[in-house]
Amino acid sequence: MSNIKKILCFDLDGTLADLYNVPNWLEKLQASDPSPYREAKPIYNMQKLISILNILIKQGWEVRIISWLAKNSTKEYKTAVRKAKREWLAKYKFPCTTAHLIAYGTTKADSVRNIAAPAILIDDNYKIRKGWHLGETIDPINENLIERLQNLVEG
Ligand SMILES: [Mg+2]
């Protein structure tokens, strides 16, 4: 039980990375082109977001990514997408300890269910948030993410 952690689980596409505003993103993904994942702009001011996350990390939170790979991917495309997503995270210095880059449609809670309490999910997808049962969820589209995170800061 000593390994149980408070974890903030961030989705990537549409939550941190503005994938859906990359021109022709869907056509490119359907053509097994991973470039939209690399080219997506951050949705948030990353400096501001990271500075709050660093405070939460000091207060015992762990930050992770739980993100789906593209739909109907070949093994090669999965590898390329993982690489592109890891490059994006490195480029913006996102302070996560682990990035769970999992097959499209996988239950996200499975990535952390044995190690997390509580685990807060930040995800733009309503169905994914609805299926989360390890703690609270944050809808980054309709809620103020920065404010929600600031409310977690103690003291
Ligand atoms: Mg998403």
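The values are calculated or read from the model by the stated rules, or taken from the named source; none is laboratory data. A quick note: this is a predicted structure, and the numbers were derived from the prediction, not measured. Positions of Cβ are generated from backbone atoms using ideal geometry, with glycine treated the same way; all protein chains shown enter the neighbour counts. Ligands, DNA and RNA are stripped out before the accessible areas are found, and what is left, the full protein with its side chains, is counted by its heavy atoms. Shrake-Rupley method; radii C 1.70, N 1.55, O 1.52, S 1.80 Å.
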Can you tell me which residues in region 1-30 are part of a strand (DSSP E or B), more than 16 Å from residue 82 (Cα to Cα) and open to solvent by less than 10 Å² (accessible area, probe 1.4 Å)? 7, 8, 9
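Taking the criterion of being under 22 Å from residue 136 (Cα atoms) and either of a type in the set (A, V, I, L, M, F, W, C) or in contact (Cβ under 8 Å) with a residue 40 or more places away in the chain (or both), would at least one residue in region 16-25 satisfy it?
Start the filter on region 16-25 by keeping residues that are under 22 Å from residue 136 (Cα atoms), which leaves 16-17.
Still in the list and also either of a type in the set (A, V, I, L, M, F, W, C) or in contact (Cβ under 8 Å) with a residue 40 or more places away in the chain (or both): 16-17.
Looking through region 16-25, at least one residue is under 22 Å from residue 136 (Cα atoms) and either of a type in the set (A, V, I, L, M, F, W, C) or in contact (Cβ under 8 Å) with a residue 40 or more places away in the chain (or both).
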List every residue pair whose Cβ atoms lie under 8 Å apart, where the two residues are 6 or more positions apart in sequence or sit on different chains, the first residue falls within region 129-155 and is more than 25 Å from residue 114 (Cα to Cα) and in contact (Cβ under 8 Å) with a residue 40 or more places away in the chain, and the second residue, located anywhere, is open to solvent by 60 Å² or more (accessible area, probe 1.4 Å) and of a type outside the set (Val, Ile, Thr). 146/48
Could you tell me which numbered condition residue 20 fails, if it satisfies all but one of (1) within 13 Å of the ligand (Cβ to nearest atom); (2) under 19 Å from residue 112 (Cα atoms)? (2)
Give me the residue from region 58-91 that is β-branched (Val, Ile, Thr) and in contact with a Ser or Thr (Cβ under 8 Å, 6 or more places away or on another chain) and, out of that set, farthest from the ligand (Cβ to nearest atom). 74
What residue, among those in region 40-54 that are touching an Asp or Glu at 6+ places or on another chain (Cβ under 9 Å) and in contact (Cβ under 8 Å) with a residue 40 or more places away in the chain, is surrounded by the fewest Cβ atoms within 10 Å (Cβ to Cβ)? 42
